[in-house]
Structure formats: structure tokens, C-alpha cells
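A short worksheet on the structure shown next.
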Amino acid sequence: MAETKKTKVLIIGSGPAGYTAAVYSARAMLQPVLVQGIQPGGQLTITTEVENWPGETHVQGPDLMVKMEEHARAMGAEIVGDHISSLDLSRRPFVAQGDSGTRYEAEAVILATGAQAKWIGLPSEEKFKGFGVSACATCDGFFYRGKQVVVIGGGNTAVEEALFLTNFATKVTLIHRRDTLRAEKIMQDRLFKNPKVEVLWDHTVEEVLGTEAPLGVTGVRARHVDTGAETIVPCDGFFVAIGHAPASELAKDQLELHNGGYVKVEPGSTRTSVPGVFAAGDLTDHVYRQAVTSAGMGCMAALDAERFLAGEG
């Protein structure tokens with residue numbers, strides 16, 4: 001028979017926002033249950049070097065998330081390795097259904113499901129996913145020792161991925177559709193100074209090229225945005241780093257969304273359009289998208305949930 005877990009506060013998501021919410025709500029004696037999701041630890045588990053976490057000059061992303069999970073457990077939060085497949089916010093107690101079969105009932109919900117990598121949407125990209133096409137350099141970079149790779153994007157994510165890949169690849173080509181990068185200046189300086197990196201400006205990728213048997217990437221076909229001229233860039237791996245989209249599927253048609261799917265919260269709070277439901281981290285943030293701001297919002301969500309429950313008696 002399927003188990004039912006009842007809790008005052010259900011936290012969905014296990015990045016900096018989720019774990020911080022767990023720490024604060026546990027300290028408030030709310031006995032929170034945190035469901036980790038498909039990727040325990042969130043995006044920081046696929047980030048090697050974190051240099052902007054206060055108090056840590058240099059820390060590995062996965063190590064930081066292990067510490068945050070341990071902290072939440074030490075405070076008394078229950079951490080569950082499950083994935084929420086559906087969520088009913090139409091009435092209280094709110095009900096979430098886990099892939100494990102467990103049913104979760106909660107008086108308050110904190111959504112901290114974060115964001116997911118965006119893809120270009122090419123049929124050839126889909127075809128070679130896992131066979132030379134990736135959205136995670138730290139996951140797959142090791143497989144490209146002594147090989148050539150292409151990264152597409154122009155923000156911090158793309159530059160970080162490109163720099164990381166220089167640890168393995170003989171050449172990294174960064175393709176960007178504009179003539180300037182959006183990444184932080186310090187990141188750009190590192191990129192331009194790296195002899196393994198070449199930047200192909202004003203180009204988009206039109207097709208991923210490869211072999212059939214076995215499946216494998218051999219290059220990409222890029223097109224100049226102004227002239228339309230095409231260039232074949234040989235490579236063994238193609239890394240997509242064009243940003244992230246909020247993982248708001250559970251909130252769709254239940255909470256007010258904006259800016260392409262981010263959960264809308266009241267200014268200065270984490271309150272959503274449904275009383276008792278709070279949202280924190282990259283799920284709500286289309287501006288800053290930093291680990292430290294996500295953690296801050298996780299704190300806010302726990303305090304908002306505590307006040308809501310206290311008001312309910």
C-alpha cells in the first residue's frame with residue numbers, strides 16, 4: 001500500500017534555495033520534508049568551481065551541496081530521495097504525488113525546483129544527445145580528452161563550460177550569435193587569454209553533423225547571421241550553453257507565472273498567487289540567478305511559511 005507522508009511544510013527541490021528553506025523551517029520546529037527531485041543538489045552539482053560563495057574563496061559545487069544537505073539533516077529536516085510528478089494546489093492540505101508512489105500532504109509548500117538547461121531545438125541536436133551532444137561540460141568533459149569540441153552561447157554558462165573543457169580538449173570553439181559576450185568581464189578575460197579557445201562571432205548553429213553507426217558527432221554547420229555564409233566546424237563534441245528555463249511544470253495552470261514561465265511572487269516576499277504556497281530560487285528569479293540569492297530566497301520562503309502557519313493557528 002502506498003505511503004502517505006503528512007507534514008506542515010513540504011519543500012520541493014534541493015538546490016541552495018531548497019536546502020536553506022529546510023534549515024530555517026526545521027529550526028522553526030516545522031519538521032519539514034524535502035523531496036530532492038531528479039537532480040539532488042540542483043545545478044551546483046554540475047558546476048565544478050564556485051568562487052562567489054561568501055566565506056569560501058574556492059569550493060567545488062558538489063561539495064557545497066553535500067554540506068548544505070548535511071546541514072539541513074542536522075537541523076532535523078527529513079530529506080527524501082523522490083521526484084514529485086504532480087501537485088494539487090487547489091485545496092489544503094496540498095497534495096503532491098511522488099514517483100515512488102508516496103503521497104505527500106502539506107499545510108504549506110515551498111517550491112524550489114530551479115531551472116533546467118535550454119536546448120536549441122534542432123532535430124540533429126536531439127538525435128545526438130548523449131552521443132556527442134551535451135548540456136553539461138562538467139558531466140561529460142572527461143570524454144573529450146585530446147579532442148576538439150564546440151560550445152554555443154555567450155553568457156557566463158557558456159564561458160565557464162568552454163574554460164572547463166580546455167582541461168581536456170585540444171581546441172574549444174565558442175560560437176556566439178553576436179559580436180560581444182554577455183559573460184562577466186573577468187570570465188571573458190580568462191577566455192580570451194586561453195590559447196586553446198577560438199571564438200566564432202556572429203554565427204548560429206544550423207545542424208549537428210555526425211556518423212550513423214555508431215552514432216557520433218563529427219562537426220557542426222554554422223551560419224553567419226548577416227551574410228548567410230556557412231562554415232563547417234569539425235568537432236567531436238557539441239556543448240549547448242544558451243541558458244536555462246524555469247522548472248515550473250508543477251505550477252503550470254495553478255500559480256501565476258510571468259517572464260516565460262517563472263513563478264510570480266509578491267514583491268519583497270516569496271508568496272505566490274496561492275496562499276500557503278511559496279517559491280524561491282531560480283524558479284522565480286529571471287534577473288540574478290545566483291546561488292547566494294537562491295539561498296537568501298530559501299530563507300525568506302521558510303520565514304514566510306512559518307508566519308503563514310502561525311496565522312492559521
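Rundown of residues vs (1) among the basic types (Lys, Arg); (2) buried (at least 20 other Cβ atoms within 10 Å of the Cβ), yes/no style:
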| position | (1), (2) |
| --- | --- |
| MET65 | no, yes |
| ALA72 | no, yes |
| GLY81 | no, no |
| SER85 | no, no |
| ASP99 | no, no |
| GLU107 | no, no |
| LYS118 | yes, no |
| LYS127 | yes, no |
| GLY132 | no, yes |
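The residue that is farthest from ALA229 (Cα to Cα), counting only those in segment 173-206 that are of a type in the set (A, V, I, L, M, F, W, C) and assigned to a strand (DSSP E or B), is VAL197.
Any idea which of (1) assigned to a helix (DSSP H, G or I); (2) modelled with pLDDT of 95 or more; (3) farther than 30 Å from GLY276 by Cα is the one VAL151 doesn't satisfy? The single condition VAL151 does not satisfy is (1). Within segment 217-235, residues that are under 21 Å from GLY146 (Cβ atoms) and assigned by TED's automatic domain parsing to the domain that holds LYS147 sit with their Cβ atoms under 7 Å from residues that are at pLDDT 95 or above and polar (S, T, N, Q), at 6+ positions apart or across chains, in these pairs: THR218/THR211; VAL233/THR173; PRO234/GLN148; PRO234/THR218; CYS235/GLN148; CYS235/THR173.
Within segment 128-148, the set of residues being assigned to a helix (DSSP H, G or I) and modelled with pLDDT under 95 comprises ALA137, THR138, CYS139, ASP140, GLY141, PHE142, PHE143.
Each row is one residue, and each column tells you yes or no for (1) in contact with an Asp or Glu (Cβ under 8 Å, 6 or more places away or on another chain); (2) at pLDDT below 95; (3) not assigned by TED's automatic domain parsing to the domain that holds VAL208.
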site	(1), (2), (3)
ALA26	no, no, yes
LEU30	yes, no, yes
LEU44	no, yes, yes
GLN60	yes, yes, yes
GLU69	no, no, yes
VAL80	no, no, yes
ALA96	yes, no, yes
ALA108	no, no, yes
LEU111	no, no, yes
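Residues in segment 248-267 include none that are of a type in the set (Val, Ile, Thr), touching a residue at least 24 places away in the same chain (Cβ under 8 Å), in contact with a strand residue (DSSP E or B) (Cβ under 9 Å, 6 or more places away or on another chain) and assigned to a loop (DSSP other than H, G, I, E, B).
The values are calculated or read from the model by the stated rules, or taken from the named source; none is laboratory data. Quantities reported herein were computed from a predicted structural model and do not represent experimental measurements. Cβ sites come from the backbone with ideal geometry, for glycine too, and all protein chains shown count toward neighbours.
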